[in-house]
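Worksheet for the structure shown next.
The values are calculated or read from the model by the stated rules, or taken from the named source; none is laboratory data. Values in this document were obtained by computation on a predicted structure and should not be read as measured data. Note: ideal-geometry Cβ built from the backbone for every residue, glycine included; neighbour counts use all protein chains shown.
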Amino acid sequence: MAFLRLGDMLPVMLSLWPLATATPQATWPSAFEAWYASDAKHTTGHYATDSHVGASRIVLRDGTGDHLCSAFHNATACEQLTVAGFRYLYFPNAGDCCKCCTYTTGTYECGGPVGPQWVKNLTGNLRYVGRSEILGRSCHKWSIVGLDPEHLNYYFQDVQTGLPCGIDGYNYLRTPAEPADDQYLFEADSLNLTVPTSHFDVPERCQDARYCGGEVCATGPTAPETTLQI
Ligand SMILES: *[C@@H]1O[C@H](CO)[C@@H](O)[C@H](O)[C@H]1NC(C)=O
Ligand SMILES: *[C@@H]1O[C@H](CO)[C@@H](O)[C@H](O)[C@H]1NC(C)=O
Ligand SMILES: *[C@@H]1O[C@H](CO)[C@@H](O)[C@H](O)[C@H]1NC(C)=O
């Protein structure tokens, strides 16, 4: 039989179909700030990041739903400031600050701030998984394989503007039975690509701060290895 039937061709045509339509590109602005809501952490707050400064600052109005914040001062405002090699946990109302980890050394290496490389598919870890509605907007959704291949992270991007809609990183409070994703859903009206670098100033209380230690943070850059939850 010299001719292919249409039925033979159809699966081929269908598999080529995505190539014929524009595949959305994931982009992460070099800097942005926004107010967010987090269902997963049961709070709201402010998110700011700047890859030129190499910093991010996540303000949680209430850190009870965050596994790092709640381990030290529960049920109070908490800021996670990642800059110049450290992730600080700053508690403005409790008047305390400690270093949770360094980027590259110690019992818990927290890595630097999330930046544009996160969505660049550098290790083939990005998958487009369709659209999702975030705070009333239609957003593209990608899954991103991180340190734990069994639990995916997600990035959402506004279909119309191409700006970030939100992020959702797998996480939990004390055990996997208590989900508490690093989920930040950005309010579109508040998103701003111009970020004052003063957002990333290390508060005085954090300068020369102790290591947080405990169950979830590093005890110091040179302490012996222990198993810690990321
Ligand atoms: C923090 O407070 C909440 C409610 O107020 C409580 O359910 C939770 O167990 C507390 N977490 C810690 C780590 O003490
Ligand atoms: C990411 O790279 C992998 C491996 O090359 C590829 O299969 C996948 O389609 C890419 N993802 C996106 C969203 O382009
Ligand atoms: C964005 O932030 C800059 C600097 O803080 C400010 O001057 C500007 O008004 C903001 N733009 C919007 C649309 O809010």
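Side notes on the structure shown:
- Condition broken by Val195, with the remaining ones in (1) free of Cβ contacts under 8 Å to residues at least 60 places away in the same chain; (2) closer than 18 Å to Pro113 by Cα satisfied: (1)
- Meets criteria (out of contact with any strand residue (DSSP E or B) (no Cβ under 7 Å at 6 or more places or on another chain), away from ligand 3 (no atom under 16 Å from the Cβ) and of a type in the set (Val, Ile, Thr)) for Thr76: no
- Residue within segment 28-38 that is of a type outside the set (Val, Ile, Thr), outside any strand (DSSP E or B) and within 16 Å of ligand 2 (Cβ to nearest atom) present: yes
- Filter pass, Val202 being in a loop (DSSP other than H, G, I, E, B) and modelled with pLDDT of 95 or more: yes
- Set Pro196, Pro179, Pro164: member being within 16 Å of ligand 1 (Cβ to nearest atom) and within 19 Å of Tyr36 (Cα to Cα): Pro179
- Any hit, segment 152-169, residues being in a strand (DSSP E or B), more than 17 Å from the chain's Cα centre (by Cα) and of a type in the set (Asp, Glu): no
- Note on segment 159-192: residues that are in contact (Cβ under 8 Å) with a residue 60 or more places away in the chain, out of contact with any strand residue (DSSP E or B) (no Cβ under 7 Å at 6 or more places or on another chain) and more than 16 Å from His140 (Cα to Cα) amount to 2.
- Consider segment 105-132 and keep the residues that are under 18 Å from the mean Cα position of the chain (by Cα) and away from ligand 2 (no atom under 16 Å from the Cβ). The one that is farthest from Cys212 (Cα to Cα) is Gly115.
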